[in-house]
Each structure stands twice: as structure tokens, then as C-alpha cells.
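The values are calculated or read from the model by the stated rules, or taken from the named source; none is laboratory data. These numbers come from a predicted model, not from an experiment. Glycine also receives a Cβ, built like all others from the backbone with ideal geometry; neighbour counts cover every protein chain displayed. All accessible areas refer to the heavy atoms of the entire protein, side chains included, with ligands and DNA or RNA removed. Shrake-Rupley method; radii C 1.70, N 1.55, O 1.52, S 1.80 Å.
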Amino acid sequence: MKILLVRVSSLGDVLHNMPIVDDLRRQFPQARIDWVVEEAYVQLVRLNPGVAQVFPFALRRWRKSLGQAATRQEIKNFFRQLRQEQYDLILDTQGLLKTGIIMGLAKTVKGGKKVGLANGTEGSGYEGISRIFHDISVPVDKRTHAVLRGRLVAAAAGGYTVSTPASFGLQPPSLPPEQCTWLPTTPYAVFFHGTAGAAKKWPRENWQAIASTLTEYQLPILLPWGSPAEKAEAEAMATVMPNATVLPALPMQAATLLAQKARLAIGVDTGLTHIAAAYETPTIEIYCASPRWKTEGNWSDRIINLGDNGQPATVEEVRGAIRVLLESAGKQNFRHL
């Protein structure tokens, strides 16, 4: 059996698609699974050994130069390479016009099926026109978790039921030593404080209070950043946190390693926080202005989810979660404090 997954973006959504691979491999151990994804996330998908071939999709870059012959040729080459394969199942778990077009142009074997979402979930960017490319459209509840949504599409296509906690199947990144000089040799905490949405941020004074708490555990704090504004924020935080260090700019593989190796990850609702949770790094997810039900880490007792849309977590709640994860981890399930 050959199966194609179409989930091109964004970082968190691509990550939340990973358990589909584990589900399919359990049901169809000999299956070949390929994936179409935005080029920025190719290295992340390649960390899953269950994926055979990754097709880089570069729409974000192509849009900037559609008038250039080289760009048009690159687009033609992408679809030519994709159409060299024929699949038993093609799954679009994103439900957008662009992913529907990819599904529509990809080939199935005789009797193969193209399966996608019949509807979006609350707050999603679902585009109903994507259904015209489906052989089967799978309905989901309006408040279906981001991980479960894709798993249900795959289960409907493959004729099985979802009955196990999500398993992401990610291998740790392998980087040469010269690319890891920033990585401590002793345990550390990481604060994933940056996010594109200002409303999702947690106040700086709260981070400062938590940094003070972590001195009790002798854990240095690493502060990553992904933009000049986030770098400035990290530098401002470090001036009031004696145990914090601002990291250099990190490519995706290095940022993934940072999340995977942390003794403790604390972060707002953003991709790198979800990467830490996917690796089951002890993680505290802080929700401030987004619904917790949509992306909370609910597959491991090493993940604690705090706050909700319009109800940010308090410093005391995060301190309590730190105690659970650093002192009492594994004794019971603390997913939903």
C-alpha cells in the first residue's frame, strides 16, 4: 500500500499531523507513506522514520516570484515529481483550496481513494471548496482536537478506529558538534516566550517570577527567539533574570533539539512548545488567548496545560506545575490542572 499525506503548514499543524503516521504504520506495517509539506518544515517531517519520501512545497516562496520563468519551472517540476507516484490513499487533513489542488493533481491507483475533511473545526481556516477533490469527506465535531482531527480522517480512510493516545514517532535531531556549541552539557529549562500573536504572550513579570522559582532547582534558563522583536524581548528578560541566557539564532533542527533535550520546557501556545510536548519533554503549556481544547498536550502525564482563551495561567499555577514535573513526575496524571 502507498499512502500520501497532504499537510503543508503551519509548524504546529504539521507537527500535530505526525500521529497519523504511527497509526497507519500500526494498521499497515508494510505501507509506504509519503508527505507533501512546505519546504520550511521538511526537516521536521524527516525526523519521523515512518515517512518514506517528502515532497517540498514552496508556495510561500513561489508567490513572491510567480512572474519568473525559473519559479514556474520549479512549480511544474514539483507536480511532475508528485504525479510520478500512484497512491492507494491520499489524505488531505488541512482542508484548504491549495491542499485540495495538490490532492486533485496527485494520482491514485485504480480503486484508490482521496479522503479529506467534510467540515472545519471552530476557528479553523477550513475552505469548503476543498471537498470537490475528495472521494470521501469525513465529518468531525466542531471542537475536535487538532491531533485527533487528522487521525479521524486517516482512520475513516483506512477502515480502523482511533483507540490509543497520540504517538508522534519523532527521532531526536542529529547535529554535528560544531552546530551545538550553544547547548549546555547539564540540565536546563527553556522558555518559549515568543509568539506571532501579541495576545498569546504571557507578561514579562510572570516569566521573571518563574525564573526566580527555577533558581531553587539550579536550572539555567535558555531564551530562544525567532525574530528581531523576539530577540529584543529575550534580551530584556535576561537583564532581570540572572539565570537566563539569550541563545543565538537557531535553525529548525537546532530549535527542535533544544526542545527535545530540555529538563523542563515552559511556553505559550506556539510551535516550539508543541514540539517539546510531542517529544514528551516535561512541558508546561500556557494558554492566554487561544482555546486550550484545540491543541493541548493530552497524550502524556509529562505535559501540563494551564490557562485558556481569555484566562491566562497564573504564576502560582505554573509554580505548582513545576513542582509536579520536577518533583513528582509520573506519580499520577496531571494533564488538566
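For the chain, the mean residue ellipticity at 222 nm estimated from helices alone is -10500 deg cm²/dmol, where every DSSP H run of n ≥ 4 contributes -39500 (n - 2.57) and the total is divided by all residues, rounded to the nearest 500.
Residue separation times 0.36 nm, minus the C-alpha to C-alpha distance between Ile132 and Arg80: what's the value? Before the final figure, lay out the partial values.
Working: separation 52, 0.36 × 52 = 18.72 nm, distance 2.18 nm.
Here the segment from Ile132 to Arg80 would lengthen by 16.5 nm.
Of the accessible area of the chain, computed with a 1.4 Å probe over protein heavy atoms only, carbon and sulfur atoms account for 50 percent. Tell me which trypsin sites (Lys or Arg not before Pro) from the stretch 66-162 have a DSSP coil assignment and no more than 14 other beta carbons within 10 Å of their own. Taking the stretch 66-162 and a limit of 14 other Cβ atoms within 10 Å, the loop trypsin sites (Lys or Arg not before Pro) found are Arg83, Lys142, Arg143.
The simple Förster model, with R0 at 22 Å and r as the Cβ-Cβ distance, assigns Glu316 and Glu205 a FRET efficiency of 0.95.
Assign one of three labels to the stretch 164-258, namely rounded, prolate or oblate, based on the Cα gyration tensor with a ≥ b ≥ c the square roots of its eigenvalues; rounded applies when a/c is under 1.5, prolate when it is not and a/b is larger than b/c, and oblate otherwise. Mind dumping the intermediate values first?
Numbers: a/c = 1.43, a/b = 1.33, b/c = 1.08.
In terms of gyration-tensor shape, rounded.
Any idea what the relative contact order of the chain is, in percent, if you count C-alpha pairs under 8 Å spaced at least 6 apart? Spell out each step's value before the answer.
Working: 649 pairs, mean separation 46.7, N = 337.
Computed over the chain, the figure is 14 percent.
How would the stretch 76-155 be classified by its alpha-carbon gyration tensor: rounded, prolate or oblate, with rounded meaning a/c under 1.5 and the a/b versus b/c comparison settling the rest? Let's see the in-between values first.
Details: a/c = 2.33, a/b = 1.72, b/c = 1.35.
Prolate.
Could you work out the relative contact order of the stretch 220-306? I mean the mean sequence separation of Cα pairs under 8 Å and 6+ apart, divided by the number of residues, in percent. Intermediate results must be reported in sequence, preceding the final value.
Numbers: 121 pairs, mean separation 17.5, N = 87.
Result for the stretch 220-306 is 20 percent.
By how many nm would the segment from Thr213 to Ala249 lengthen if fully extended, with 0.36 nm per residue of separation less the alpha-carbon distance? Write out the running numbers ahead of the final one.
Numbers: separation 36, 0.36 × 36 = 12.96 nm, distance 2.65 nm.
Contour length minus the Cα-Cα distance gives 10.3 nm.
Residues with beta-carbon under 14 Å from that of Thr239, excluding Thr239: net charge, scoring Lys, Arg +1 and Asp, Glu -1?
Values: positive: Arg204, Lys231; negative: Glu205, Glu233, Glu235.
Net of charged neighbours comes to -1.
Note on Ala196 and Lys64: the model spin-label points, each 7 Å out from Cα along the C-beta direction, lie 1.5 nm apart. For the residues Phe192, Phe28, a 1.4 Å probe over the protein chains yields an accessible-area ranking, largest first, of Phe28, Phe192. The angle between the Cα long axis of helix 146-158 and the longest principal axis of the Cα atoms of the chain comes to about 30 degrees, rounded to the nearest 10. Taking the convex hull of the alpha carbon positions in the chain and averaging its projected area over all directions gives 17.8 nm². In the stretch 81-161, Cα pairs under 8 Å separated by at least six residues give a relative contact order of 30 percent. Taking the chain as the reference, fit the longest principal axis to its C-alpha atoms, fit the long axis of helix 11-27 to the helix C-alpha atoms, and give the angle between the two in degrees, 0 to 90, nearest 10. Here the helix axis deviates by roughly 60 degrees.
Relative to the dominant Cα principal axis of the chain, helix 228-239 is inclined by about 20°. Taking a ≥ b ≥ c as the square roots of the Cα gyration tensor eigenvalues, with a/c under 1.5 meaning rounded and otherwise prolate when a/b beats b/c, else oblate, which class fits the stretch 180-337? It comes out rounded by the Cα gyration axes. Centre-to-centre, using Cα atoms only, the stretch 82-101 and the stretch 161-215 are separated by 32 Å.
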